[in-house]
Amino acid sequence: MADAPTSVWRAAVRPRMLGLLVLLLAAAAVCGRLGAWQLERAEVRGAAAEERRAAEVAEADPVPLADVLVPGASVTGEMVARKVVVTGTWEPGTLLVEGRAHDGATEGALVLTPLRVDGAGAEEQGAGAGQPGAGGQAADAHATGGTLLPVVRGWTPGTEPVADVPAGPVTVVGWLQGGEEAGAAVVDGRTDAISPAQLVHVWGAPVYTGYLVVASVEPADPADLELLAPPTRAGTGLNIQNLAYAAQWWIFGLFAVGLWWRLVRDEAAGRPPIPGDEPGEPAEGPADAASDASGDGPRDDGADPGRGVAPPEVAGATR
């Protein structure tokens, strides 16, 4: 007999549906746990990869700044965290970049000082001619004696002015970083962003589009500053492959729950009748089906199925 249609609620509380619910919920729980495990693996493997990359950046040999970035050229993603060396002279105009955390301390500032790079206007003018906007800025730099490179000398926990930088040429080794978007106006030697577009107006000279985070400097900096860690690239910290596996397991768990709901709806719709389900209706056997298909009606049971019909006698057929 066909199952009569019923409500979704009545279909959901039937024993077989409840049994399926328990089974599929268990499967969804297993999928969720496996997804969480893959997410943990993504974090662990991503952190390990980031530690290896940071160690490689810290131990890398520095290359000349002119081989990586020229005045007027933009800092690309491949340049970020490159270890470079540059020679120049410190210039007046040190700024405190406030609101920067370091080693868990939230109150403090970065000490930002302009470095006039040796030959950054004359020798690099030809190298930067192929870069958008590089030729004009390099020419201006040559007229003023060199382009200014913003250098983060370190971090200080206070907001008071730091010691003056030494006079004379210095050699700075550090990590390259892209410039930030413009922030609030510079007031009393304090700012909230390392923006080359703003620094041009503050320092009154052409400025590189990136800045340098000091790793070491010779002669040594007289200010007691805490050095920063190498910059990191955006998008690091998670292993993409394990993250994709986690998403797949969670999708499988949602599919298990959705499958149960689909089965409940089908159960509520009822099973359509099939031949032989209705009372009083004889089931159709193979012989009846064959007769109906041929259209000749029922066959005479007295006929011998093993004999054929004798051929008619032919008149005059005598020996």
So, with points 7 Å from each Cα along the Cβ direction, the ALA36-ASP103 label distance in nm works out to 3.6
On the formula 1/(1 + (r/R0)^6), with r taken between the Cβ atoms of VAL187 and ALA247 and R0 of 45 Å, the FRET efficiency rounded to 0.05 is 0.40
Here the FRET efficiency for HIS201 versus ASP67, based on Cβ atoms and R0 = 45 Å and rounded to 0.05, is 0.95
Under the Karplus relation with 6.51, -1.76 and 1.60 and θ = phi - 60°, whole-Hz ³J(HN,Hα) for the range 198-210, x at Gly and Pro, equal 7, 5, 4, 6, 6, 8, x, 7, x, 10, 4, 7, x
The range 177-230: relative contact order from alpha carbon pairs under 8 Å, six or more residues apart, as a whole percent, is 31
Taking Rh as the Kirkwood radius computed over alpha-carbon pairs of the range 141-204 and applying Stokes-Einstein at 25 °C with viscosity 0.890 mPa s, one gets a diffusion coefficient in µm² s⁻¹ of 175
Binned at 5 Å starting from 0, the alpha-carbon pair-distance distribution of the range 1-119 in whole percents comes out as 2, 7, 8, 9, 11, 11, 8, 5, 5, 4, 4, 5, 5, 4, 4, 3, 2, 1, 0, 0
Those GluC sites (Glu not before Pro) from the range 167-252 that are DSSP loop and have at most 13 other Cβ neighbours within 10 Å turn out to be GLU181
Karplus ³J(HN,Hα) for the range 256-264 (6.51 cos²θ - 1.76 cosθ + 1.60, θ = phi - 60°; Hz, whole; x = Gly/Pro) runs 4, 5, x, 5, 5, 5, 5, 5, 5
Relative to the compact-globule estimate 2.2 N^0.38 Å (N residues), the Cα gyration radius of the range 1-46 stands at a ratio of 1.92
In nm, the gap between the two label points placed 7 Å beyond Cα toward Cβ at GLU91 and ALA58 is 3.3
One finds the C-alpha centres of the range 182-228 and the range 20-99 to be spaced, in Å, by 22
For THR94, THR156, the accessible-area ranking with a 1.4 Å probe, largest leading, is THR94, THR156
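The values are calculated or read from the model by the stated rules, or taken from the named source; none is laboratory data. This one's a predicted model, so the numbers in the text were calculated from it and none came from an experiment. Here the Cβ is made from the backbone with ideal geometry for all residues, glycine too, and neighbour counts use every protein chain on show. Side chains included, ligands, DNA and RNA excluded: accessible areas come from the protein's heavy atoms. Shrake-Rupley method; radii C 1.70, N 1.55, O 1.52, S 1.80 Å.
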